[in-house]
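Quick note: the coordinates plus some simple rules give every number you see, no bench work behind them. Because the structure is predicted, anything quoted here is derived from the model rather than measured. Note that each Cβ is placed from the backbone with ideal geometry, even for glycine, and that neighbours are counted across all protein chains shown.
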Amino acid sequence: MWVVKAYRRLLAWLRQGMDNPFGATDVAGNEAPPDAHSVALERPWRHYWDHLPKRSAGFEFTEHDYVSARQRAEEIARITVGDEVWSQVRRDGYVELPSSRFPGISYRLRIGRRIEVLSAPGVRPPWRHPFLCINPTYPLQEAEFFAHLYLYVRDHEDEVIRVAAPQPWDQALGRTF
């Protein structure tokens with residue numbers, strides 16, 4: 001019975017636009033103040049993105065929106081990967097992470113580009129092609145997606161191996177801006 005009630009509350013919450021989820025209350029039992037959820041929450045997974053041109057965030061994005069998105073994304077990336085790695089990426093244009101799965105293999109990550117697979121001398125690469133293509137599902141700023149890739153390659157290499165498409169050439173990613 002509680003499952004049905006919880007499901008109904010969840011549906012009602014989603015219909016309300018996430019105001020006061022599950023009857024959120026404070027310690028005294030009072031409902032949360034109306035401004036408790038005033039921060040706009042993006043839900044990009046609820047949209048269909050194939051109609052957008054590549055390297056675009058959408059038709060309604062203004063130049064000011066792009067500038068502020070880039071600033072936020074660079075701050076997020078710097079905090080996510082750390083000051084040292086971020087400085088290296090800004091200075092050299094890339095960061096290399098050694099593979100934990102394949103000895104002698106490293107991944108070169110660059111902002112807005114495909115992952116380059118590098119092999120030490122005498123080491124046979126695990127893929128026939130030297131680039132791995134992974135695009136975000138929805139439009140995302142390049143620096144922010146770089147931080148995602150950095151964490152995935154560093155901590156979840158098996159997932160990168162599972163979803164990446166080996167490619168013979170390098171190019172800009174399609175769903176970043």
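Sum up the charges of everything whose Cβ sits under 14 Å from the Cβ of residue 56, counting Lys and Arg as +1 and Asp and Glu as -1, but leave residue 56 out. Walk me through the intermediate numbers first.
Working: positive: 54, 55, 70, 175; negative: 50, 60, 63, 65, 142.
Local charge sum for residue 56: -1.
Peptides 134-141, 120-127: what's the order by average Cβ count within 10 Å, highest mean first?
So the peptides 134-141, 120-127, ranked by packing, come out 134-141, 120-127.
Treat every Asp and Glu Cβ in the stretch 49-177 as -1 and every Lys and Arg Cβ as +1, leave all other atoms uncharged, and give the resulting dipole magnitude about the Cα centre to the nearest 20 debye.
480
May I ask you to sort 154, 55 by Cβ crowding, counting other Cβ atoms within 10 Å and putting the fewest first?
Working: 154 17, 55 14.
The most exposed by this proxy come first: 55, 154.
Where does each of 75, 157, 60 land when they are ranked from fewest to most other beta-carbon atoms within 10 angstrom?
On the way: 75 13, 157 17, 60 6.
So the residues, fewest neighbours to most, are 60, 75, 157.
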